Amino acid sequence: MARFSCDFRWLLLVAAVAFIFIQMRLFATQSKYADRLAAAVEAENYCTRQTRLYIDQISMQQGQIVALKDEKKRRDEETVHLRALVRDLERKGLQRLNEKLEVPVAAVVVMACNRADYLERTVNSILKYHGSVASKYPLFVSQDGPDSKVKSKALSYDQITYMQHLDYEAIRTERPGELIAYYKIARHYKWALDKLFYKHNFSKVVILEDDMEIAPDFFEYFEAAAGLLDRDRSIMAVSSWNDNGQKQFVHDPYVLYRSDFFPGLGWMLSKETWDELSPKWPKAYWDDWLRLKENHKGRQFIRPEVCRTYNFGEHGSSLGQFFSQYLAPIKLNDVNVKWKSMDLSYLVEDNYLEYFASLVKKAKPIHGADAVVKANGVDGDVRIKYSDQPEFESIARQFGIFEEWKVKSHVTLINEQFW
């Protein structure tokens, strides 16, 4: 029994030792796993912190991306604006360059002498419509003689180039009683046109006198007509004047005609024509000389129905001849016709023959001494046939148009409009 009790104690001791050992192992295992768990928790916490950090970084990057997108959009808009600005600047720069390089349509010269007040009125009329076409129409004033008031007036305009013709050579008229003024005028014209064509090298020149006002479409009219002058060699010059352009005779500002008669009073010619005329320019009466067949050689002149110039010069070298009857009632066009958009091909020689023949054919013929009454009673165009100079002058007196025989080719009678 004692032996059994001793063995039992040893068994309890062994069991206790085993239990303690197991507990120690278990504790060690628990400690190990606790450390691992703590490490896992720490790792999880680290991962959580890192995840949050990454999320914050991603959020920041997304914010930066949005900001970059906004910046890109803004810069794109600025780029578009800058490109538009560059294009606009290039266009304006090209426009300025073109203006600098633009070949003028024609020089415009005002022929002056000793009427400063008339010159001022003429120049002011020109400048009223000149600003937008200044590069196309360089302005000149050519003065004949030493009048100081005229010179001072011409030099007072920044837009004008001044030329002065001083000719002290004695003038001998070809016939007794002739006015030397007509000889001076012819000399002045030759001198001025030689300067403009050969010194300044213009291809065309528009000649005005110092007692003229111009119409609103004056410059566009000559620009469109310059094209006709270039391509149709049967046209010698282009005029802005109609001798029978009195208010009671004209109404259509859009109509142009070809004429065998040189109208003058605001006209354009080319350098090629001047090359031909300059060497044989007359001593006097240059306008009548230009109307001679041996000089115009069958070429014709373009002129409007309604005048693009108005001559207010009651006092001058012609001593106001016929002014009150024929010049004062002239109608100056007040319609701003867009000539460059119009088809003027009907004025080309071959086309015009057919065009004008059609007008004459359609017009109703009238005869007799009471032509005016009959013409007024016709609703449409009329034509009046004459056989000789006395008959023409008789008809002209009835209608109140120029009776001069030299103007006869300048006259057509159509529906209360008489040219």
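The values are calculated or read from the model by the stated rules, or taken from the named source; none is laboratory data. Computed from a predicted structure; not experimentally measured. FYI the Cβ positions are ideal-geometry reconstructions off the backbone, even for glycines, and counts take in every protein chain you see. Side chains are part of the model used for accessible areas, which takes the heavy atoms of the whole protein and leaves out ligands, DNA and RNA. Shrake-Rupley method; radii C 1.70, N 1.55, O 1.52, S 1.80 Å.
Among 3, 49, 25, 9, which is the only one that is open to solvent by 100 Å² or more (accessible area, probe 1.4 Å), at pLDDT 80 or above and charged (D, E, K, R)? Exactly one residue qualifies, and that residue is 49.
The residue that is farthest from residue 264 (Cα to Cα), among those in the range 378-419 that are assigned to a loop (DSSP other than H, G, I, E, B), at pLDDT below 85 and open to solvent by 70 Å² or more (accessible area, probe 1.4 Å), is 379.
Let's see how each residue does on (1) open to solvent by less than 20 Å² (accessible area, probe 1.4 Å); (2) modelled with pLDDT under 95; (3) not in a helix (DSSP H, G or I):
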{"position": "251", "(1), (2), (3)": "no, yes, yes"}
{"position": "254", "(1), (2), (3)": "no, no, yes"}
{"position": "262", "(1), (2), (3)": "yes, no, yes"}
{"position": "265", "(1), (2), (3)": "no, yes, yes"}
{"position": "268", "(1), (2), (3)": "yes, no, yes"}
{"position": "274", "(1), (2), (3)": "yes, no, no"}
{"position": "294", "(1), (2), (3)": "no, no, no"}
{"position": "301", "(1), (2), (3)": "yes, no, yes"}
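In the condition set (1) without any contact (Cβ under 8 Å) to a residue 24 or more places away in the chain; (2) open to solvent by 80 Å² or more (accessible area, probe 1.4 Å); (3) more than 20 Å from residue 185 (Cα to Cα), residue 279 is compliant with all but (3).
Residues in the range 236-285 that are of a type in the set (Val, Ile, Thr) and touching a Phe, Trp or Tyr at 6+ places or on another chain (Cβ under 7 Å): 238 alone. Report whether or not residue 41 is loosely packed, with under 10 Cβ neighbours inside 10 Å, modelled with pLDDT of 75 or more, out of contact with any helix residue (DSSP H, G or I) (no Cβ under 7 Å at 6 or more places or on another chain) and of a type outside the set (S, T, N, Q). Taking the combined requirement at face value, the residue does not satisfy it.
Summed over the range 340-359, residues that are open to solvent by less than 70 Å² (accessible area, probe 1.4 Å) and in contact (Cβ under 8 Å) with a residue 40 or more places away in the chain total 7.
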